[in-house]
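Engineer: Structure in structure tokens, see below.
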Amino acid sequence: MNKIVEALEQRFVEQRIIFWYDEKAEFLEQFKDLSLFDITKIHVEGNEFAVKYLIEKQHPYGKFLLYFSKPRPANEDNWLLDMELAHYIFRTDQEAMFLQEIGLEYHFKELVSEHLEFFKAKERRQKLKDLIDGDETHNAIRYKMLAVVFNTEYLSLSNYIFTLSAAFIDENERFEKELERYQLKSFFWKEIERKYSYQAVSPSIYDFLIEVFSNNFSIGRKESLNREARLLLISWKDTLQFRESFERISAKIETDLSIETLLSDAKIDDIIEDDSYKLIDFKILHELINQLISEDITHEKLSFYAKKRQNKFWYAQVKDLYSCVSEASELTTLIRKYAAQIQYKTFDEGTNHYTQTVHEIDLHYRKFVWYYRKTNQNKVLGELSAKIERLYTNDWLVPYNNQWQNVVDSLNEWPNSLQFGQRRFFDNHVKPIIDKKQRLFVIISDAFRYECGVELNKRFQSEKRFESSISYGVSSLPSYTQLCMASLLPHKHLMLKENSDSVMADGMASSGLEGRSRILAANTEVRTTTISAEEFMSLNSSKEGRELVKQYDLFYIYHNRIDKTGDDKITEEKVFDAVEEEIVFLADIVKKIANMNGTNIIITADHGFIYQHSELQESDFSSSNHTGEVWKENRRFIIGKNIQSESSTKLFDGDALRLQPEIQVLIPKSINRLRVKGAGSRFVHGGASLQEVIFPIIKIRHNKEGAAVAVVEIDIIKSTDRITTNILAVSFIQSELVGEQILARDIRAGLYAEDGELLSDQFRYMFDIQEGSERQREVKHRFQISSKATTKYKNPRVKLILEEPVEGTTKWKPYKEFYYTLNISFTNDFD
């Protein structure tokens, strides 16, 4: 009774007159008891003319329920046919009740009968009702019934396939059973056959998926599926909700189809575009590693392959491997290019060449080791790692520093007083800013060597809120922390404390924050303070941070992550991890300074370092038969009085180092270490190598309005505006080279209908090309166009839309649009 009342009330919202035919008078008593507000009930029993007069003449605006306790008369015998046709017929059979509840017409009765089990649950009926939106067809309703079964709001066959696949890999048979129970299985598989040309006597989701994967594998067995199967796989990989199930099913098919065997003889060019299986990337990487070990591949070719993989599905899981191989390739190329050329005649020649060019070798070595450690793939990378270690040490680090040693040996004094000397840091870089009454933050990161500074500088050059530039300085010698930290402070004279390596600046101890604060206060005329980076970062930017900033004109901020990690024998192998962390940390400090209304920032270091990841050989150590009064002995230097040396070391008097004249300093030649009990040997500093003595000076200015940088423009080469086949080849052009003032641009592109529906696969690419001609900045992609382009969207205008990410979100925004006219012949739908 309640269902009848509810159904009638819903219909009377839109209807004035409702006809109720109850052929067997089964609901006569219910009709008599029925109470509907403001509705006139009439039992029609041969009084049709009176009823018609009452409704049309006497109460033309009233609402009426006309009940018939006999079958509906034939049209020619129906006195109320005109009224019936203009209004609504209410039925009380089960199918009709369901239809009325959902809001569907009676001609869908057979559909309800066919799938009666589906309609028996009120929850399913309500969900289906929520999806009904007007002019429905039988198949459209079945599609929506599938959406209810698969519990999704997305009315697409591909989404149903993804959902069923996820359930399959979880060994969940619920959806399979419900498709069978609700008589939707046949419809579901017929739709798959129609769209993907899949045919099977006993169709199953796993059998279908095997065919889809095989059809999309360039060296696999080609099935009878059409090109829509390729788009299905692309869409699956791009749908975040189902990425995990794709990975698991791919892994299962890898095993079941013996993909590893199929890939064993594959060439990189045969599979470079494939990404159905993770093993494809493993195969490509295996080949690249072997070719790199034998040096049978150019860096340009390797980079091309690595770049090709960046927009593939599995790249995120293997990107450290690709990065490791790319760094090894770049390092090898640079060493082969420069190793035979090095022969410096002057100090300036060496420092200029190192800072302008060959510091990149140390940078790429650091990156290689860091990625190598991140991958935890010692087996596949072991031989390459051993080769890189030999190459870096034997072909570069040793011969390079042997050549540089010739310059060091020719020096009568260390160039502390020259323009780039560390002793002049304050006068040359700090004083000009504070003399202008501008607040300055000096951040000093212990052992942050020059190549690390280059990477950090590039990071800030890509930030629109900052302007950044880098220069270099040459540290004091020996290049150890106490002396070099003192050299960065304002002073007139430095000297070593008797019988130690502690440094006095104008008679004041220079160690610790308090000692450095006293030196700054004594030798400047502005308000100064020193603070540890940890303490500074703990400040609340908007409160105590800004209050502190108001109190001082010059900040010296100190941090010691790299040196602390490298100087410990237990942790020295993690020094490159510490560098990566430090780069991020320094960037965070700068941003915090900006939030405290700071504008001028200098990031620098006391010294650099040498690091070799492999264990050192006996030949890497020097035997120094020195004599005299030793104050301090280190892997890379000896300080004392009346020191006598031999040919394995270089002797400097105190005068030559601008220290007290009565001392001497011994520096092992090239990169050799002295034997010191208990000390680490892979990470060292204190000597005269360029890696140790060159330090970065990064000047950063916070620009609230944004720095004058631009993002590179991307265009396409458009030879035609007509699409005549199901493949659209597009050439993308990066307008200019990426550099300091031109930033890279991340692009996602796809072909869309005017109503916004995607008609092709999506292409994603990071345009960050830094060298080469316009032809070398061309990137091609072949878009696979869906069959919808020749059916639902035949012959309209379509758009190739280029999008770029919305910074700080997962959203995309339009960048450019290019219009095409679809003119694809129906014959292109046949494979």
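The values are calculated or read from the model by the stated rules, or taken from the named source; none is laboratory data. Since the structure is predicted, the reported quantities are computational estimates derived from the model, not experimental observations. Methodologically, a virtual Cβ is constructed for each residue, glycine included, from the backbone with ideal geometry; neighbour enumeration extends over all protein chains shown.
Engineer: Can you tell me how many residues in region 762-819 are under 23 Å from the mean Cα position of the chain (by Cα) and among the β-branched types (Val, Ile, Thr)?
Structural biologist: Of the residues in region 762-819, 6 are under 23 Å from the mean Cα position of the chain (by Cα) and among the β-branched types (Val, Ile, Thr).
Engineer: What number of residues within region 385-421 are under 25 Å from residue 369 (Cβ atoms) and hydrophobic (A, V, I, L, M, F, W, C)?
Structural biologist: Within region 385-421, residues that are under 25 Å from residue 369 (Cβ atoms) and hydrophobic (A, V, I, L, M, F, W, C) number 7.
Engineer: While we're here: Name every residue in region 510-567 that is surrounded by 15 or more Cβ atoms within 10 Å (Cβ to Cβ), assigned to a loop (DSSP other than H, G, I, E, B) and charged (D, E, K, R), in order of residue number.
Structural biologist: Matches in region 510-567: 527, 553, 561.
Engineer: Given the conditions (1) under 30 Å from residue 227 (Cα atoms); (2) surrounded by 21 or more Cβ atoms within 10 Å (Cβ to Cβ), which single one is not true for residue 720?
Structural biologist: Residue 720 satisfies all of (1) under 30 Å from residue 227 (Cα atoms); (2) surrounded by 21 or more Cβ atoms within 10 Å (Cβ to Cβ) except (2).
Engineer: Looking for whichever is aliphatic (A, V, I, L, M), touching a residue at least 24 places away in the same chain (Cβ under 8 Å) and more than 25 Å from residue 105 (Cβ to Cβ) here; the options are 141, 169, 132. Which one fits?
Structural biologist: Going through 141, 169, 132 in turn, just one is aliphatic (A, V, I, L, M), touching a residue at least 24 places away in the same chain (Cβ under 8 Å) and more than 25 Å from residue 105 (Cβ to Cβ): 169.
Engineer: Go through (1) within 27 Å of residue 125 (Cα to Cα); (2) modelled with pLDDT of 90 or more one by one and return the number of the condition residue 43 breaks.
Structural biologist: Going through the list (1) within 27 Å of residue 125 (Cα to Cα); (2) modelled with pLDDT of 90 or more, residue 43 breaks only (1).
Engineer: Would you confirm, using the coordinates I've provided, whether residue 819 is surrounded by 19 or more Cβ atoms within 10 Å (Cβ to Cβ) and either outside any loop (DSSP other than H, G, I, E, B) or touching a strand residue (DSSP E or B) at 6+ places or on another chain (Cβ under 6 Å) (or both)? Walk me through it before giving the result.
Structural biologist: On the way: surrounded by 19 or more Cβ atoms within 10 Å (Cβ to Cβ): no; either outside any loop (DSSP other than H, G, I, E, B) or touching a strand residue (DSSP E or B) at 6+ places or on another chain (Cβ under 6 Å) (or both): yes.
The answer is no for residue 819.
Engineer: While we're on this one: Check 224, 294 and return the single one that is more than 29 Å from the chain's Cα centre (by Cα) and in the same structural domain as residue 387 (by TED's automatic domain parsing).
Structural biologist: Working: 224 fails: in the same structural domain as residue 387 (by TED's automatic domain parsing).
Within the list 224, 294, the selection yields 294.
Engineer: Out of 359, 429, which single residue is touching a strand residue (DSSP E or B) at 6+ places or on another chain (Cβ under 8 Å), buried (at least 21 other Cβ atoms within 10 Å of the Cβ) and at pLDDT 95 or above? Steps first, answer last, please.
Structural biologist: On the way: 429 fails: buried (at least 21 other Cβ atoms within 10 Å of the Cβ).
That would be 359, the only listed residue that is touching a strand residue (DSSP E or B) at 6+ places or on another chain (Cβ under 8 Å), buried (at least 21 other Cβ atoms within 10 Å of the Cβ) and at pLDDT 95 or above.
Engineer: May I ask you to list the residues in region 20-55 that are acidic (Asp, Glu) and either in contact (Cβ under 8 Å) with a residue 12 or more places away in the chain or over 21 Å from residue 93 (Cβ atoms) (or both)?
Structural biologist: 22, 23, 26, 33, 38, 45, 48
Engineer: Okay, next question. For region 1-26, what are the residues that are assigned to a helix (DSSP H, G or I) and of a type outside the set (S, T, N, Q)? Show your work before the answer.
Structural biologist: Pass one, region 1-26, residues assigned to a helix (DSSP H, G or I): 2-12.
The answer is 3, 4, 5, 6, 7, 8, 9, 11, 12.
Engineer: Now a separate question. Evaluate region 675-695: report whether one residue or more is over 23 Å from residue 496 (Cβ atoms), touching a Leu at 6+ places or on another chain (Cβ under 6 Å) and not in a strand (DSSP E or B).
Structural biologist: Scanning region 675-695, I find at least one residue that is over 23 Å from residue 496 (Cβ atoms), touching a Leu at 6+ places or on another chain (Cβ under 6 Å) and not in a strand (DSSP E or B), so the answer is yes.
Engineer: A follow-up question, please. Specify the residue that is modelled with the lowest pLDDT; the eligible residues are those in region 783-816 that are closer than 23 Å to residue 727 by Cβ and among the polar types (S, T, N, Q).
Structural biologist: Taking region 783-816 first, the residues closer than 23 Å to residue 727 by Cβ are 783-803, 816.
Still in the list and also among the polar types (S, T, N, Q): 784, 786-787, 790-791, 795.
On the way: 784: 84, 786: 82, 787: 74, 790: 68, 791: 69, 795: 62.
Only one residue fits best here, namely 795.
Engineer: Regarding region 613-621, can at least one residue be identified that is closer than 21 Å to residue 680 by Cβ, over 42 Å from the mean Cα position of the chain (by Cα), at pLDDT 90 or above and surrounded by fewer than 19 Cβ atoms within 10 Å (Cβ to Cβ)? Please lay out each step first, then the result.
Structural biologist: Taking region 613-621 and keeping what is closer than 21 Å to residue 680 by Cβ, we get 613-621.
The next check asks that each one be over 42 Å from the mean Cα position of the chain (by Cα); those that pass are 618-619, 621.
Within this subset, residues satisfying the condition of being at pLDDT 90 or above are none.
No, region 613-621 contains no residue that is closer than 21 Å to residue 680 by Cβ, over 42 Å from the mean Cα position of the chain (by Cα), at pLDDT 90 or above and surrounded by fewer than 19 Cβ atoms within 10 Å (Cβ to Cβ).
Engineer: Taking residue 500 as meeting all but one of (1) under 40 Å from the mean Cα position of the chain (by Cα); (2) at pLDDT below 95; (3) of a type in the set (Ser, Thr, Tyr), write down the number of the exception.
Structural biologist: For residue 500, the failing item is (1).
Engineer: May I pose another question? Quick one: is residue 567 more than 27 Å from residue 467 (Cβ to Cβ), in contact (Cβ under 8 Å) with a residue 12 or more places away in the chain, more than 29 Å from the chain's Cα centre (by Cα) and assigned by TED's automatic domain parsing to the domain that holds residue 460? Give the derivation first.
Structural biologist: Working: more than 27 Å from residue 467 (Cβ to Cβ): yes; in contact (Cβ under 8 Å) with a residue 12 or more places away in the chain: yes; more than 29 Å from the chain's Cα centre (by Cα): yes; assigned by TED's automatic domain parsing to the domain that holds residue 460: yes.
So residue 567 passes the test.
Engineer: Any idea which of 471, 476, 487 is surrounded by fewer than 20 Cβ atoms within 10 Å (Cβ to Cβ) and closer than 24 Å to residue 686 by Cβ? Outline the logic, then answer.
Structural biologist: On the way: 476 fails: surrounded by fewer than 20 Cβ atoms within 10 Å (Cβ to Cβ); 487 fails: surrounded by fewer than 20 Cβ atoms within 10 Å (Cβ to Cβ).
The unique qualifying residue is 471.
Engineer: Are there any strands (runs of 3 or more DSSP E) wholly within region 419-497 with 1 or more residues that are acidic (Asp, Glu), free of Cβ contacts under 8 Å to residues at least 60 places away in the same chain and touching a helix residue (DSSP H, G or I) at 6+ places or on another chain (Cβ under 7 Å), and if so which?
Structural biologist: Values: elements: 440-445, 466-474, 494-496.
The strands (runs of 3 or more DSSP E) meeting that bar number zero.
Engineer: Do you know which of the residues in region 213-231 that are of a type outside the set (S, T, N, Q) and under 17 Å from residue 312 (Cβ atoms) is surrounded by the fewest Cβ atoms within 10 Å (Cβ to Cβ)?
Structural biologist: Applying the first criterion (of a type outside the set (S, T, N, Q)) to region 213-231 yields 213, 217, 219-223, 225, 227-231.
Restricting the remaining residues to those that are under 17 Å from residue 312 (Cβ atoms) gives 213, 217, 219-220, 230-231.
On the way: 213: 23, 217: 22, 219: 14, 220: 19, 230: 18, 231: 22.
Out of the qualifying residues, it is 219.
Engineer: Just one of (1) in the same structural domain as residue 432 (by TED's automatic domain parsing); (2) out of contact with any helix residue (DSSP H, G or I) (no Cβ under 6 Å at 6 or more places or on another chain) trips up residue 601, so point out which.
Structural biologist: So the condition that residue 601 fails would be (2).
Yes or no, residue by residue, for (1) touching a residue at least 12 places away in the same chain (Cβ under 8 Å); (2) at positive phi:
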| residue | (1), (2) |
| --- | --- |
| 326 | yes, no |
| 334 | yes, no |
| 351 | yes, no |
| 358 | yes, no |
| 361 | yes, no |
| 367 | yes, no |
| 376 | no, yes |
| 379 | no, no |
| 388 | yes, no |
